[in-house]
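Some notes on the structure that comes next.
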Amino acid sequence: MKAMNIRIPIRSLLVAGLTIASALMITPLLIMIFTSLKGDAEIANTAGSLLPKDWKFENYLLAMQSGKWGVYFQNSIIVTVCAVGGSLLFNTLSGYTFARIDFKGREVIFIALLLGLMVPPQVTIITQFIILKSVPLFGGNDWLGSGGQGLLDSYWALIIPELSGSFGIFLSRQFYLGFPKEMDEAASIDGSGIFRSFWTIYLPLSGPLLATLGILKTVHVWNDFFHPLIYTNSEMMRTIQLGLQMFHGQYEIKFNLLMAASVVVSLPLCIAFFVFQRYFVQSMISTSVKG
């Protein structure tokens, strides 16, 4: 009875703490939604209330009519689907190789790969820009890679740099380390090669890993503003994050339209997370306890 009496207050405190934390985390989202439903005069009034006095649902229609949002969404969808699909393939293959295949220099190469986690993308952006611009026989370039813009201002420039990464390989390696070695021995006895074992045995068991990598990569690519800003220059290659900049004028910012567009842009990510959150949590727990 004493143990039960102690356990109940701790549980209540935990629930109260999580409730407060959830309320604090959802507050910015509520502010964004309420701001998107306010009129221009109410936005200009600094003493306004949190809730709109006059609910302007037409702000969403005005925001979507302010630019070529069909083109922006199309570009973001194409880039996100191709980048996420390619990264799932390359990251899982690399992680499987580091985890299940013993080859000379494996640990050294893996440590060198992990150094990429410590390098911010701003450090390598100039090098990547030069490489993409100097690809031979693309974008007006000659066979020496000069004379044109190469892969810049194209889908390739936004997809190729996202096809793999240190974090995805690390997460995949940690996941595949959790399988017993007997699986490899059984596959070898059955005559399965390295790639066949990965394709027929390990990949079907990688649902939590694929869901986790898919969610993280989707959020990263969908919300990426920096790379599309550097690699593209035409309006027809804008992504949704660049499209949001149209509400930033020289002297004012259309906060209500900006928030309305931001809500629409965020909806696909919210839906994806709620659909795959079970696999996401399961994979993060499993990879965090395996070395």
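Bear in mind these aren't lab numbers, they're just calculated from the coordinates by the rules spelled out. Remember, predicted model here, so these are calculated numbers, not experimental data. Glycine gets a Cβ as well: all are built from the backbone with ideal geometry, and neighbour counts include every protein chain shown.
Arrange the following residues from fewest to most other Cβ atoms within 10 Å of their Cβ: Phe103, Phe170, Phe175.
Exposure proxy ranking, most exposed first: Phe103, Phe170, Phe175.
If each of Asp54 and Ile189 carries a label point 7 Å out from its Cα toward its Cβ, how far apart are those two points in nm?
7.8
For the chain, what is the mean residue ellipticity at 222 nm derived from helices alone (per DSSP H run of n ≥ 4: -39500 (n - 2.57); sum divided by total residues; nearest 500 deg cm²/dmol)?
-21000 deg cm²/dmol
Which whole-number percentage describes the relative contact order of the chain, with Cα contacts under 8 Å and a sequence gap of 6 or more?
Relative contact order for the chain comes out at 28 percent.
How much length, in nm to one decimal, is gained on full extension between Ser66 and Phe129, taken as 0.36 nm per residue of separation minus their Cα-Cα distance?
Separation in residues times 0.36 nm, less the Cα-Cα distance, equals 19.6 nm.
Would you please state which residues of region 240-268 a label at Gln74 would reach in this model, taking the label point 7 Å out along Cα→Cβ and a backbone N cut-off of under 15 Å?
Counting only backbone N, you get 240.
Let me check against my output: what whole-number percent is the relative contact order of region 1-152, with C-alpha pairs under 8 Å and at least 6 apart?
Computed value for region 1-152: 9 percent relative contact order.
GNM, the chain, Cα, under 10 Å: largest mean-square fluctuation among Lys181, Lys133, Lys68?
Ranking Lys181, Lys133, Lys68 by mean-square fluctuation puts Lys181 first.
Past 29 Å, Cα to Cα: identify those pairs from Lys133/Lys254; Lys38/Lys68; Lys68/Lys254; Lys68/Lys133; Lys53/Lys254, in the order given.
As for pairs spanning more than 29 Å Cα to Cα, those are Lys133/Lys254.
Got a sec? How would Trp55, Trp69 order by Cβ neighbour count within 10 Å, fewest to most?
So the ranking, lowest neighbour count to highest, is Trp55, Trp69.
Given R₀ = 30 Å, FRET efficiency for Phe274-Leu89 by Cβ-Cβ distance, to 0.05?
With R0 = 30 Å, the Cβ-Cβ based efficiency is 0.75.
For region 141-206, what is Rg from Cα atoms divided by 2.2 N^0.38 Å, rounded to two decimals?
Compared with the compact-globule rule of thumb, region 141-206 sits at 1.79.
Around Ser188, what is the net charge, scoring Lys/Arg as +1 and Asp/Glu as -1 over all other residues with Cβ under 15 Å from its Cβ?
Around Ser188, the charge tally is -2.
Could you tally the net charge around Leu257, taking each other residue with its Cβ under 14 Å from the Cβ of Leu257, Lys/Arg +1 and Asp/Glu -1?
That sum, taken over residues with Cβ under 14 Å, equals -1.
Across region 66-173, what fraction of all alpha-carbon pairs, as a whole percent, falls in each successive 5 Å bin from zero upward?
Computed distribution, short to long bins: 2, 11, 15, 16, 17, 16, 12, 7, 2, 1, 0, 0.
At a 10 Å Cβ-Cβ cut-off, how would you order Asp184, Asp190, Asp40, fewest neighbours first?
Taking fewest neighbouring Cβ atoms as first place, the list is Asp190, Asp40, Asp184.
Beyond 32 Å, what percent of the Cα pairs of region 59-288 remain?
33
Once phi is turned into θ = phi - 60°, what whole-Hz ³J(HN,Hα) does the Karplus curve with 6.51, -1.76 and 1.60 give for every residue of region 93-107, x standing for Gly and Pro?
Whole-Hz 3J(HN,Hα) from phi for region 93-107: 4, 5, x, 4, 5, 5, 8, 10, 10, 9, 9, 5, x, 4, 5.
Taking the Cα centre of the chain as origin and charging only Cβ (+1 Lys, Arg; -1 Asp, Glu), how large is the dipole, in debye to the nearest 20?
Here the chain has a charge dipole of around 840 debye.
Can you check what the net charge comes to around Gly67, using other residues whose Cβ is under 15 Å from the Cβ of Gly67 (Lys, Arg +1; Asp, Glu -1)?
Net of charged neighbours comes to +2.
Can you compute the FRET efficiency between Phe226 and Leu30 using 1/(1 + (r/R0)^6), with r the Cβ-Cβ distance and R0 = 30 Å? Round to the nearest 0.05.
Once the sixth-power term is evaluated, E becomes 0.60.
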